1. Go through the range 1-113 and tell me which helices (runs of 4 or more DSSP H), entirely inside it, have 2 or more residues that are aromatic (Phe, Trp, Tyr) and under 20 Å from Leu181 (Cβ atoms).
2. From the list Gly326, Gly321, exactly one residue is touching a Leu at 6+ places or on another chain (Cβ under 6 Å) and buried (at least 19 other Cβ atoms within 10 Å of the Cβ). Which is it?
3. Could you look through the range 132-173, keep only residues that are at positive phi and modelled with pLDDT of 95 or more, and pick out the one that is least open to solvent (accessible area, probe 1.4 Å)?
4. Answer yes or no as to whether Pro129 is open to solvent by less than 60 Å² (accessible area, probe 1.4 Å), assigned to a loop (DSSP other than H, G, I, E, B) and more than 30 Å from Gly343 (Cβ to Cβ).
5. Kindly provide the set of residues from the range 9-52 that are in contact (Cβ under 8 Å) with a residue 24 or more places away in the chain and either at positive phi or touching a His at 6+ places or on another chain (Cβ under 7 Å) (or both), ordered by number.
6. Can you find, within the range 271-294, the residue that is nearest to Ala312 (Cα to Cα) among those that are in contact with a strand residue (DSSP E or B) (Cβ under 8 Å, 6 or more places away or on another chain) and part of a helix (DSSP H, G or I)?
7. Collect the residues in the range 202-216 that are at pLDDT below 95 and small (Gly, Ala, Ser), keeping them in residue-number order.
8. All but one of (1) in contact with a helix residue (DSSP H, G or I) (Cβ under 8 Å, 6 or more places away or on another chain); (2) over 20 Å from Leu171 (Cα atoms) hold for Phe72, so report the exception by its number.
Amino acid sequence: MLVNKFYYPRGGDCTAVLTTEALLKAHGHQVAVFSMQHPDNIPSPWEACFPEEVSFSNAGAGSRIRAALRLFRPSDVVARFERLLDDFRPDVVHLHNIHSYLSPAVAQVARRRALRVVWTMHDYKLICPSYSCLRDGLPCELCFTKKSNVFVHRCMKHSRAASLLAWMEALYWNRRTLERLTDLFVSPSHFLKEKMISAGFRPGQIEVLHNFMYRPAPPPAAKADYYCYVGRLSEEKGVALLLKAASRLPLPLKIIGGGPLSDTLRQQYPQAHIEFTGQLPADELLPLVQRARFTVMPSIWYENNPYSVIEALCTGTPVLGARIGGIPELIDAGRNGDLFSPGDVDDLQAGIVAMFSRFPVSFPFGDIAAAAQNKFASEAFYERLMNVYGH
């Protein structure tokens, strides 16, 4: 059974759930999904067991109160989860992103039934109550040792009320409780594992398992003279830093994606050589990425194991990435990309210029694709996942 608070292509956690479900089914496993009701959900034979949708934002007071109650005693979630367990009777319960809208109470239920519980980390929620290890635009690890800092610094949406709830949730679902409820934590990066250990988690209870390439790479194509960014247009992704550097250069840049900064950045950078494509479907996105000379991952937060880097490499496109989080684990400087100092616009600008020289159109980009497709192959992921499941 796979458990995630959303069941549609919303972000990296949802991508992991949907692709893992497809991979397991392709290998003959029976798979059920437990999620929250949502209008964008993919139809599921198990959706009658999904608890009602709640939200902390863009909703009435009643929904916000129900969402707050789910942090601690989610009786409706537990009842629906019990019902699905009775119907499906799984061998393994694989948790993904469950905080807030589902709650770790599902792990308690699975533990009472002596089921194997595996939990994949897609962010830093277990060690940072505000998920991101980011404060005032800079990495922050204060809550690794003292969770009250989320309230002191109002890290959750700059709100005292939201930060107080996050602090209380971290105390209620504390490290010792979560370790007791979970057989094995799965970290997509060595970086996240190291941070969990520094926050007190036991090293032997954490297994590193990188994400895998979940779509077939397009056939080889000639490289063009542009570079691109693929991802959410939000503060933590560092896209504003990239655009500042790009505006100083005449080199064509494609910004692929949407997000809260979309309108602001379009107005701020109207230069002809900077193109904002908006969000694109996969059949349009991947060919654009493959024809790019390189992509840029300019994040200022602790990226975990970003799919956008994996996809670019699997299409034979090198990556210029910030030296932060799990990004350096994916980039071998000079072979499939390069790194720059996070937050340093001058270093990023120099890196962009250097990438065009280092990876000319005559470079053997197929070698990048072959190495990445081998490293991030779905079959290799499946074999390791079976070990995680105890099979």
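1. 75-88
2. So the residue among Gly326, Gly321 that is touching a Leu at 6+ places or on another chain (Cβ under 6 Å) and buried (at least 19 other Cβ atoms within 10 Å of the Cβ) is Gly321.
3. Restricting to residues being at positive phi and modelled with pLDDT of 95 or more, the top hit is Cys133.
4. So Pro129 fails the test.
5. The answer is Gly12, Asp13, Ala16, Val17.
6. Val289
7. Across the range 202-216, there are no qualifying residues.
8. (2) is the only condition that Phe72 fails.
The values are calculated or read from the model by the stated rules, or taken from the named source; none is laboratory data. Only a predicted model underlies this, so the values are computations on that prediction, with no experimental measurement involved. Backbone-built Cβ (ideal geometry, glycine too); neighbour counts: all protein chains shown. Heads up: the accessible areas ignore ligands, DNA and RNA and are worked out on the full protein's heavy atoms, side chains in. Shrake-Rupley method; radii C 1.70, N 1.55, O 1.52, S 1.80 Å.
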